[in-house]
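Engineer: Pasting a structure here, questions to come.
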Amino acid sequence: MASIQRAKDTRQTTYFRSERISTINGHFFFSTREGTLEGPYFSRDEAERQVPRYIARMLQSQAILDSRNRENDLSG
């Protein structure tokens, strides 16, 4: 058990490492820290390859939201 804090977390907490890939009805999914289940994928390898892509999409989405918020702050 390790104490890990993400940059956006405002308080320190303990995260437990767990298996993020699961199988449901023969299809593979990965779970996120946000509590979503992403998939289905036809193989474990495919699900594992999608994890960094998911992270990249989430970071890109956050960057877009941050940019829009800055624009609104400047125009408001």
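Engineer: Under a point spin-label approximation (7 Å from Cα along Cα-to-Cβ), what is the residue 70-residue 57 distance to one decimal in nm?
Structural biologist: The two pseudo-label positions are separated by 2.5 nm.
Engineer: What percentage of the solvent-accessible surface of segment 21-74, computed with a 1.4 Å probe over protein heavy atoms, is contributed by carbon and sulfur atoms?
Structural biologist: Here it works out to 53 percent.
Engineer: In Å², and per residue, what accessible area does segment 21-74 have when probed at 1.4 Å with the other protein chains present?
Structural biologist: Per residue, segment 21-74 has 75 Å² of solvent-accessible surface.
Engineer: Dipole size in debye (nearest 20) for segment 21-74 around its Cα centre, Lys and Arg Cβ +1, Asp and Glu Cβ -1? Don't jump to the answer; show the numbers that get you there.
Structural biologist: Numbers: 7 positive and 8 negative charges, 11 e Å.
Charge dipole, segment 21-74, about its Cα centre: 60 debye, nearest 20.
Engineer: Counting Lys +1, Arg +1, Asp -1, Glu -1, what net charge surrounds residue 23 among other residues with beta carbon under 14 Å of its beta carbon?
Structural biologist: So the environment of residue 23 carries a net charge of -3.
The values are calculated or read from the model by the stated rules, or taken from the named source; none is laboratory data. Since this is a predicted model, take the numbers as computed values, not measurements. Note that we place each Cβ from the backbone using ideal geometry, even for glycine, and neighbour counts take in every protein chain shown. When the accessible area is computed, the model is the full protein with side chains, heavy atoms only, and any ligands, DNA or RNA have been set aside. Shrake-Rupley method; radii C 1.70, N 1.55, O 1.52, S 1.80 Å.
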